[in-house]
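Let me begin by presenting the structure, written as structure tokens, before commenting on it.
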Amino acid sequence: MSLTSAATLATLDRTGPRRITDLAAVEGVTQPAMTALVRVMEESGLVERRGDASDKRVTLVCLTEAGASYVRTRRQGGVHAFERLIGELTGDEVEALVAALPALKHLAELESQDREGPKQ
């Protein structure tokens, strides 16, 4: 799976259903590229398109259960990898990581805000 595909699934997991145009902007790709990506992910059973109850002209891209499961599995794999690697650090290195956690959390929040774009 491409990084853009994985990032798109993670965005949908984090923010809920989105328009293709919104996803394209968040992921930094063109609308035609996102349309093609969504088509492939739809054929793979990871996403589905649904109508928007508030605007019948709009189609939203939504995670399927298989897509949500894929995101959870990837995240869990990342957690296990970090646990293993952190286990190889010295005590001083672990303390340095713990001290850096507030700054890292803030960076993650800033990145998330950038990826989500303007609030609707």
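Hey, among the residues in region 111-120 that are open to solvent by 70 Å² or more (accessible area, probe 1.4 Å) and assigned to a helix (DSSP H, G or I), which one's modelled with the highest pLDDT? Applying the filter and picking the extreme gives E111. Residue check: D22 meets all listed conditions (1) at pLDDT below 95; (2) among the acidic types (D, E); (3) open to solvent by 40 Å² or more (accessible area, probe 1.4 Å) but one, namely (3). The residues of region 25-50 that are of a type in the set (S, T, Y) and open to solvent by less than 40 Å² (accessible area, probe 1.4 Å) amount to a single one, T35.
Among the residues of region 31-75, the ones that are at pLDDT below 95 and acidic (D, E) come to 2 in all.
The set of residues in region 1-49 that are touching a Ser or Thr at 6+ places or on another chain (Cβ under 7 Å), closer than 12 Å to Y70 by Cα and assigned to a helix (DSSP H, G or I) contains only M41. Which residues, taken from region 51-110, are over 25 Å from T11 (Cα atoms) and either open to solvent by 100 Å² or more (accessible area, probe 1.4 Å) or touching a Lys or Arg at 6+ places or on another chain (Cβ under 6 Å) (or both)? Listed by number, the residues that qualify are R84, E88, D92, E95. When residues in region 63-103 are screened for being free of Cβ contacts under 8 Å to residues at least 12 places away in the same chain and either in a loop (DSSP other than H, G, I, E, B) or on the phi > 0 side of the Ramachandran plot (or both), 4 of them pass.
Restricting attention to region 7-17, the residues that are buried (at least 20 other Cβ atoms within 10 Å of the Cβ) and either in contact (Cβ under 8 Å) with a residue 60 or more places away in the chain or not β-branched (V, I, T) (or both) total 3. Of the residues T73, T21, the single one that is of a type in the set (S, T, N, Q) and more than 15 Å from the chain's Cα centre (by Cα) is T21.
The values are calculated or read from the model by the stated rules, or taken from the named source; none is laboratory data. In this text, all values refer to a predicted model and were calculated from it rather than measured experimentally. All Cβ positions, glycine included, derive from the backbone under ideal geometry; neighbour counts span all protein chains shown. These area figures cover heavy atoms from the full protein model, side chains too; ligands, DNA and RNA do not enter into them. Shrake-Rupley method; radii C 1.70, N 1.55, O 1.52, S 1.80 Å.
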